[in-house]
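Any read-out appearing in this document is the output of simple, stated calculations on the displayed coordinates, not a laboratory observation. All values reported here derive from a predicted model rather than from experimental measurement. As a convention, Cβ positions derive from the backbone with ideal geometry for all residues, glycine included, and neighbour counts pool all protein chains shown.
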Amino acid sequence: MREYASKFFLYTWLLMVIFQPSIVSAENLETFDVHFSVLSNNPNAKAKATLSQLKEEVNILNQYFIADDGRSIVKFRFKSVTFYDDLKNSSCKIVDLGDARRAFSLDSATVLFNHCQDRKVKDKNAINIYIFDEYNERKGFASANSYGKRNLNRPFIFLDWHRLNHNVQSPEEHEMGHAFGLNHICEPTATIKTSTNIMTSACKGGSGGKRNIGFNTAQVRTIMHYVPLIKAQLAQR
Ligand SMILES: [Zn+2]
C-alpha cells in the first residue's frame with residue numbers, strides 16, 4: 001500500500017514536470033506595477049477605495065485584460081497606494097481633479113500628469129490609476145465616466161469610484177486597453193446587455209455593451225507593440 005502511494009506521487013510529480021512549460025510561459029509574461037492615488041475627498045469614494053479594494057482592482061485586471069481566446073497578455077502587480085489625506089497638500093495640480101466641479105478634460109489631465117514630480121501622486125515606474133469623482137453638466141457627480149491614456153508610453157488612468165470592483169461595462173480592462181494604445185470599436189446596434197469587445201463604445205448611437213469579449217488578434221498585436229515601449233519608459237529612473 002505504501003509503495004502504491006509513493007508510485008502515485010511519482011506519477012503526479014512527473015505529470016507536473018511534463019505540464020510545466022505552460023506554467024513557465026505564463027510566468028514569462030511582462031508584469032506592470034500599478035500605483036493608485038485616491039484623489040477624491042468624497043466620503044463614499046474614500047470608503048469604497050480601500051487598500052483591499054485597490055488590490056482587488058489588480059486581480060480584476062489580471063482576470064479580464066485577456067485575449068478573446070482566454071489567454072493572458074500581460075500581468076499586473078499591485079505596487080502601492082497614496083490615500084487622499086496623504087496627497088491633499090501635494091504641489092501637483094492633478095490632485096484638484098479628484099472632485100472638480102467641471103467637465104473632465106483628458107488633455108488638461110495629461111498636462112497636469114506630465115508636470116507632476118511628486119512620487120506620492122505619480123509613480124514614474126508604475127502605471128498610475130487615479131480614483132476620482134467625475135462630474136458632468138447633465139448628471140453632476142453621479143456621472144461615472146473613466147479615462148485611460150497611453151501618453152507616449154507613460155500611461156495613466158482616471159477611474160471614477162462608482163466603477164470600482166468592475167461595476168458597469170468592464171471599466172478596468174477597457175481603460176487599460178486605452179493605456180496600451182487601443183481605440184474604440186463602434187457598435188451602433190449594441191444594447192447595454194449585448195456581448196461586445198472590451199474596447200466597444202457607444203460612439204454615436206448604440207451602446208458599448210457588456211465589453212465582456214477579450215481583445216481580438218489585431219488588438220493583441222497593438223498591445224504587444226507597446227508592451228516593450230511602455231516597459232522601457234517606466235524603467236527610467
Ligand atoms: Zn473608452
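Can you give the FRET efficiency for S105 and H184, using 1/(1 + (r/R0)^6), R0 = 25 Å, r = Cβ-Cβ distance, to the nearest 0.05?
0.90
Nearest 10 degrees is fine. How inclined is helix 2-18 to the longest principal axis of the chain, computing both from alpha carbons?
50 degrees
Work from the charge dipole of the chain (Cβ charges, +1 for Lys and Arg, -1 for Asp and Glu, about the Cα centre) and give the residue of I73, Y226, S207 farthest towards its positive end.
So the residue we want is Y226.
Taking the alpha-carbon distance from K55 and a cut-off under 20 Å, which aspartates and glutamates remain once sequence neighbours fewer than 8 residues away in the same chain are dropped?
E27, E30, D33, D85, D86, D123, D133, D160, E172, E173, E175
Among the DSSP beta bridges whose two residues both lie in the chain, what percent are antiparallel, rounded to the nearest 5?
20 percent
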